[in-house]
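What follows is calculated from the coordinates using simple rules that are stated; it is not laboratory data. What you see is a predicted model, and the numbers here were worked out from it, not measured in a lab. FYI the Cβ positions are ideal-geometry reconstructions off the backbone, even for glycines, and counts take in every protein chain you see.
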Amino acid sequence: MKRFKKIIKVLFLLLFVGICIVVVMNYPKLTILTGYSAKHMNSSVFIGNRSLEFTDVNDNNFSPVHLADDEVNMKKKTAVASVFGLKERKAIYRDGLGSVLIDDDFDENKPVLVPYRTKINTGLPYPYGELEQKDTVFGDIDYDKVNRVVASIFDTNEENIKKTRAVLVLYKDQIIAEKYIDELDKNSKLLGWSMTKSILSTTYGVLQTQGKINIEDKAPISAWQNDERKEITINNLLQMNSGLEWDEDYGSISDVTKMLYVDKDMTSSQIHKKAIHKPNEYWYYSSGTSNLLSGILRKQFSTYQEYLDFPYREFIDKIGMNSMLIETDMAGNYVGSSYAWATVRDWGKFGLLYLHKGDWNGNQIFNTQWFDYITTPSPTSEGDYGGHFWLNAGGFYPDAPKDMFSANGFQGQRVFIIPSKDLVIVRFGLIGDAGVDFNTFLKEMVSAIE
């Protein structure tokens with residue numbers, strides 16, 4: 001009996017040691033895990049107007065984020081996350097700026113500037129105004145098939161595979177299909193994740209059109225001026241072929257996860273990376289590059305207020321995307337890689353702006369040269385990427401039109417633009433290509449239009 005008890009004690013000791021080793025090895029990852037949980041919980045509750053319970057069951061219900069426990073203070077507009085009481089992280093919401101993950105040194109009470117927003121009532125129906133669209137029936141559309149195709153991308157009964165939350169289909173500026181899960185509707189704001197990159201790109205298109213920037217100019221980064229990085233242009237950054245080192249791995253402690261969930265100033269992460277290739281020699285997707293571009297954008301203005309106002313004044317509010325909000329980091333920079341929220345209909349307006357090559361009901365937001373630029377494949381991207389937009393020129397979706405391009409985001413957020421079919425398709429969900437057959441979906445949707 002004594003021997004048995006001794007064996008049990010040894011086993012418990014080994015188990016304890018094993019647990020300690022696991023905790024020590026994974027403890028640094030908890031910073032990322034709890035940071036993600038707190039940040040997204042805060043945004044979901046205070047921007048998306050969804051509950052803690054809904055966010056826990058849906059948005060944050062994947063491994064290992066589901067291990068975090070969250071607390072929300074509705075009065076103070078804060079969210080705090082921890083794992084078994086360890087690595088507590090806090091996010092706060094600020095009107096006009098959205099949610100931000102903060103550290104212990106951040107002054108929550110410091111006054112902040114916010115973007116100036118305008119809302120113009122045009123008296124026109126959607127998409128060019130605030131009124132409901134007029135019913136239009138197109139003779140070249142198989143509406144029954146459109147509805148079947150839209151339904152096919154949603155889960156049925158108890159399955160949880162495709163995880164689609166919303167779909168909007170626009171043909172010749174008209175909504176021909178719109179569907180949401182029960183908890184969401186046309187007024188629900190949804191996070192675009194990396195579709196924000198295409199929003200950021202558009203601000204450069206506006207500046208380029210206005211003659212206030214030349215994307216062929218060298219990137220204005222003082223730290224690069226004494227080495228080979230001084231040859232990197234803004235164009236190289238927009239096309240993701242600067243040659244700079246970057247680790248875009250969301251499953252580990254990497255450059256991108258440290259940037260999003262640790263850094264105060266997200267625009268500086270890419271600056272400190274060395275060049276491992278010459279510009280135009282190697283294409284590599286980098287969220288750090290997008291936030292670097294947000295920092296370069298900030299340098300174009302003499303005041304911080306002008307930087308805050310520009311995307312809304314010259315582009316977003318001009319086309320009536322009034323629900324859109326781009327969140328900022330602790331240093332006040334727009335998180336151009338990841339954090340833009342808007343309703344599905346407003347994301348649809350963004351697609352229509354590009355479908356019409358920058359023309360918004362007679363107002364040219366950016367010129368056709370910018371449209372040509374963002375739809376031209378980046379060198380070495382094999383036809384898959386343009387100027388912060390994804391392309392189908394290389395046939396990534398083999399049964400979709402080659403002229404299709406899109407704004408893409410984590411978990412399958414998509415704004416597909418198909419000029420040859422006068423079509424814009426918006427899809428939001430909680431999983432991407434791993435759970436959804438976008439190729440078949442696009443093929444069938446296009447075939448529903450004669």
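When you filter the trypsin sites (Lys or Arg not before Pro) in region 76-170 for DSSP loop state and at most 11 other Cβ atoms inside 10 Å of their Cβ, you are left with Lys76, Lys119, Lys134.
For region 58-172, what does the relative contact order come out to in percent, with C-alpha contacts under 8 Å and a separation of six or more? Don't skip to the answer; put the middle values down first.
Values: 88 pairs, mean separation 10.3, N = 115.
About 9 percent, as a whole number.
What does the extension gain come out to for Ala434 and Glu88, with contour length at 0.36 nm per residue minus their alpha carbon separation?
Values: separation 346, 0.36 × 346 = 124.56 nm, distance 3.16 nm.
Length difference between fully extended and current span is 121.4 nm.
In this simple spin-label approximation, Val137 and Lys402 carry label points 7 Å from Cα along the Cα→Cβ vector, and these lie 3.8 nm apart.
For region 53-92, state which chymotrypsin sites (Phe, Trp or Tyr not before Pro) are in a DSSP loop and have at most 13 other beta carbons lying within 10 Å of their beta carbon.
Values: sites: Phe54, Phe62, Phe84; in loops: Phe62, Phe84.
Taking region 53-92 and a limit of 13 other Cβ atoms within 10 Å, the loop chymotrypsin sites (Phe, Trp or Tyr not before Pro) found are Phe62, Phe84.
Classify region 252-339 from the C-alpha gyration tensor, please: rounded if a/c falls under 1.5, else prolate or oblate depending on whether a/b exceeds b/c. Cα axes put region 252-339 in the prolate bin. The mean sequence distance of close C-alpha pairs (under 8 Å, at least 6 residues apart), as a share of the length of region 173-327, puts its relative contact order at 21 percent. Centre-to-centre, using Cα atoms only, region 43-97 and region 298-321 are separated by 29 Å. Electrostatic tally near Ser323: other residues with Cβ closer than 15 Å to its Cβ, Lys and Arg +1, Asp and Glu -1, net +2.
Compared with the direct C-alpha span, the chain from Asp144 to Asn109 gains 7.1 nm at full extension, assuming 0.36 nm per residue.
Rounded to the nearest 500, the 222 nm mean residue ellipticity of the chain from helices alone is -9500 deg cm²/dmol, with -39,500 (n - 2.57) taken per DSSP H run of at least 4 residues.
Would you look at the GNM of the chain, springs on alpha carbons closer than 10 Å, and say which of Asp346, Asp182, Asp265 moves the most? Result for the chain, Cα springs under 10 Å: Asp182 fluctuates most.
Classification of region 118-167 by its C-alpha gyration tensor yields an oblate form. The axis ratio a/c (a ≥ b ≥ c) is 1.5 or more, and b/c is at least a/b. Across region 143-447, the relative contact order, built from alpha-carbon pairs under 8 Å that are at least six residues apart, equals 24 percent.
If the only charges are +1 at each Lys and Arg Cβ and -1 at each Asp and Glu Cβ, what is the size of the charge dipole of the chain around the Cα centre, to the nearest 20 debye? Intermediate results must be reported in sequence, preceding the final value.
Working: 50 positive and 58 negative charges, 278 e Å.
Using only the charged Cβ atoms, the result is roughly 1340 debye.
Given axes a ≥ b ≥ c from the Cα gyration tensor, I'd like to know whether region 150-289 is rounded (a/c under 1.5), prolate (a/b larger than b/c) or oblate.
On the way: a/c = 2.79, a/b = 1.77, b/c = 1.58.
It comes out prolate by the Cα gyration axes.
For Asn187 and Ile161 in the same chain, what is the full-extension length gain: residue separation times 0.36 nm, less their Cα-Cα distance, in nm?
On the way: separation 26, 0.36 × 26 = 9.36 nm, distance 2.49 nm.
Difference between extended and current length: 6.9 nm.
Inter-part distance, region 199-220 to region 375-450, computed on C-alpha centroids, equals 25 Å.
Select from region 244-292 those trypsin sites (Lys or Arg not before Pro) which occupy a DSSP coil region and have at most 16 other Cβ atoms within 10 Å, ordered by residue number. Can you show the working numbers first?
Details: sites: Lys258, Lys264, Lys273, Lys274; in loops: Lys264, Lys273, Lys274.
Here the trypsin sites (Lys or Arg not before Pro) that fit, given the DSSP loop and packing criteria, are Lys264, Lys274.
Count Lys and Arg as plus one, Asp and Glu as minus one, and take only other residues whose Cβ is under 15 Å from that of Lys197; the net charge is then -2. Kirkwood radius and radius of gyration were both taken over the C-alpha atoms of region 51-165, and their ratio Rg/Rh is 1.12. Taking every alpha-carbon pair in the chain and binning the separations at 10 Å intervals from zero gives 4, 20, 30, 26, 13, 4, 2, 1, 0 percent. The angle separating the long axis of helix 143-152 from the principal Cα axis of greatest extent in the chain is about 10 degrees. GNM remark for the chain: springs join alpha carbons under 10 Å apart, and the peak mean-square fluctuation among Glu178, Glu382, Glu132 falls on Glu132. Taking the chain as the reference, fit the longest principal axis to its C-alpha atoms, fit the long axis of helix 344-355 to the helix C-alpha atoms, and give the angle between the two in degrees, 0 to 90, nearest 10. Approximately 50 degrees, to the nearest ten.
Largest GNM mean-square fluctuation across Gln305, Gln239, Gln411, computed for the chain with C-alpha springs under 10 Å, falls on Gln305.
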